[in-house]
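One structure is given below, encoded as structure tokens.
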Amino acid sequence: MIKLKINSQSIEIPKGTTVLEAARKLGINIPTMCHLEGTEHFTSCMVCLVKDAGNGRLLASCSMPAMDGMEIITDDAECLESRRVSLELLLSEHVGDCEAPCQLVCPARMNIPLMNRLIASGNFSKAIEVVKRDIALPAILGRICPAPCEAGCRRKSIDEAVSICLLKGFAADNELTTNKHSVASSSNSGRKVAIIGAGPAGLAAAFYLSKADHSISIFEKNEKAGGDLLKIEETVLPANIREIEIQTILNSGVAIQYQTEIDKVRFTELQQNFDAVILATGAMNGAMEEWGLTLSKSGIEVDKKTYQTILPKVFAIGNALRPSKLAVRSVGQGKELAHLLDEYFKNDVLHALPERFNSKFGKLIETEYVTYLKESNTNKRVDASGGKAHGFSSEEAVAEAKRCLHCDCRNPESCKLRALADEFGAVQKRFQYDDRVLVEKEFVSKKIVYEPNKCIKCGICVRLTKQHQEAFGFSFIGRGFDVRIGVPFSESIEKALEKTAVLVAEKCPTGALALLDSEEQL
């Protein structure tokens, strides 16, 4: 047995134990990417560097044997900076998007590619679940939204953007016509939220807060809910669609009082009787100047990251902040505030939702069109035969959804590279100097996608295919800076992964090898 210290904690371990294993026995987390339990050590990513306090050297903890008398530091500034630099070097050669461009420009950040895949496969009920994770009024927005997401669609560079808004509306219409609406929750968190205004922002906040089991009361000055949605012409937004979709939100455990004007006295009472008050009033009116709020020329002033006003329990969203005709922005703000408040109620701390790291590689090059069309087709954009207000038929929706290029990563949640880039504040472009390499995609039995230019050469797939005795498997090909992962003798990826396709996809620390339909996305 040998003794050493890690971050001033003493431990006694068997000879041959690595520094990484010793640290884990102490509950000290050291990040890794190329390390995989049960396979031989292979040091490549350098994300697990720690410092030997005796000589100041940085060591790869995953392969360095612990030695008697060692004193190891894992968390000083030099260790943390070395990890950040290691990640930035890996990212400099990583060509891929964490999230598709259409999703990034959607004000509600809806997972558009996943919705498209589900519609294309005929799984309409799951598609609307995905839509409603981010958009509370999809049948309405599918008809009235000016579709900023379609401006970001990569298909647009080939011919025409995918008709995202109509697909979203189709998924919602299918749910409305099959009567598969959300039902009120039977549980209650004990937290109460008052929402002033039943326009798109207020309804969205109510929908997501109710789903989180909080008690919601809406106070609406008009006879109907909907706000500015009530002004839209029937030829654009049929009244029956508007009323049914709004009613599904109100039926999900939301209480509403109509023809209720809120004055200064009532506003004070709401602050006393509720855990939070949300101002979703639309354009501000003169009376609000007496409510103790800070106002600007455009609307109520708030913390831009939390929507909190100068009053601690009062928040504002939608057109109460500034005039806008983009209802999807108001709906997105309603969802975001609901998530912020849910976390606040659980942890008694109000903080902004973190901005996630997003790898981006920019525009498609014309020679890459063929690569992206492997998961799509060359068909022209489908128009709704009955017009936008009527929406797609099932056949039209499936045909249009199949035009999606699937620009997103299939491994966005369990990607270690993304998670660690977030944790250490890595900057993707710090070491990027040359023109990027072209995107490549290969498919294995319609289960796995292999994108070699997302690969960080960690060698996990090489070790696994060797361990499971694949006839060909993966191997390191080339030398030095030109080394890459490939299949010997120019064999296909299909041949390399006859036994281990799913296994290597599950263990890949990036999206280089990923399941096409992973459970984490569905």
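The values are calculated or read from the model by the stated rules, or taken from the named source; none is laboratory data. Nothing here was measured: the structure is a model prediction, and the numbers come from that model. Virtual Cβ from ideal backbone geometry, glycine too; neighbours counted across all protein chains shown.
Structure notes:
- K466 being in a helix (DSSP H, G or I), out of contact with any Leu (no Cβ under 7 Å at 6 or more places or on another chain) and among the charged types (D, E, K, R): yes
This table checks each residue for (1) assigned by TED's automatic domain parsing to the domain that holds E494; (2) within 27 Å of R84 (Cβ to Cβ); (3) part of a loop (DSSP other than H, G, I, E, B).
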site: E355; (1), (2), (3): no, yes, yes
site: A384; (1), (2), (3): no, no, yes
site: C409; (1), (2), (3): no, yes, yes
site: E413; (1), (2), (3): no, yes, yes
site: A426; (1), (2), (3): no, yes, yes
site: V439; (1), (2), (3): yes, yes, yes
site: K457; (1), (2), (3): yes, yes, yes
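- Test result for A194, in a helix (DSSP H, G or I), in contact (Cβ under 8 Å) with a residue 24 or more places away in the chain, over 15 Å from I140 (Cα atoms) and touching a Leu at 6+ places or on another chain (Cβ under 6 Å): no
- Consider region 441-455 and keep the residues that are in contact (Cβ under 8 Å) with a residue 60 or more places away in the chain and not in a loop (DSSP other than H, G, I, E, B). The one that is surrounded by the fewest Cβ atoms within 10 Å (Cβ to Cβ) is F443.
- Residue check for K335: closer than 30 Å to G292 by Cα and either in the same structural domain as I112 (by TED's automatic domain parsing) or crowded, with 24+ Cβ neighbours inside 10 Å (or both): yes
- When M284 is tested against (1) more than 22 Å from S215 (Cβ to Cβ); (2) modelled with pLDDT of 95 or more, exactly one condition is not met: (2).
- Residue list for region 345-374, restricted to those being over 21 Å from Y450 (Cα atoms) and in contact (Cβ under 8 Å) with a residue 60 or more places away in the chain: F345, P354, R356, F357
- Subset of region 303-319 [assigned to a loop (DSSP other than H, G, I, E, B), under 25 Å from the mean Cα position of the chain (by Cα) and on the phi < 0 side of the Ramachandran plot]: D303, K304, K305, T306, I317
- Subset of region 469-508 [in contact with a Cys (Cβ under 7 Å, 6 or more places away or on another chain) and in a strand (DSSP E or B)]: I485
- Hey, L341 within 30 Å of A172 (Cα to Cα) and in contact (Cβ under 8 Å) with a residue 40 or more places away in the chain or not: yes
- Pairs where the first residue, in region 147-163, is without any contact (Cβ under 8 Å) to a residue 12 or more places away in the chain and the second is crowded, with 16+ Cβ neighbours inside 10 Å and part of a loop (DSSP other than H, G, I, E, B), C-beta under 9 Å, 6+ apart: K156/V162
- Tabulated pairs, region 121-140, first among the acidic types (D, E), second buried (at least 24 other Cβ atoms within 10 Å of the Cβ) and not in a helix (DSSP H, G or I), C-beta under 6 angstrom, 6+ apart or interchain: D134/A108; D134/M110
- Leading residue by the ranking (farthest from I128 (Cα to Cα)) among those in region 140-154 that are part of a loop (DSSP other than H, G, I, E, B) and of a type in the set (A, V, I, L, M, F, W, C): C153
- Filtered by the rule that a residue be touching a strand residue (DSSP E or B) at 6+ places or on another chain (Cβ under 8 Å) and of a type outside the set (D, E), region 387-443 gives C409, R410, N411, K441, F443.
- Scanning region 237-269 for residues that are closer than 19 Å to I216 by Cα, assigned to a helix (DSSP H, G or I) and under 34 Å from the mean Cα position of the chain (by Cα) turns up E245, I246, Q247, T248, I249, L250.
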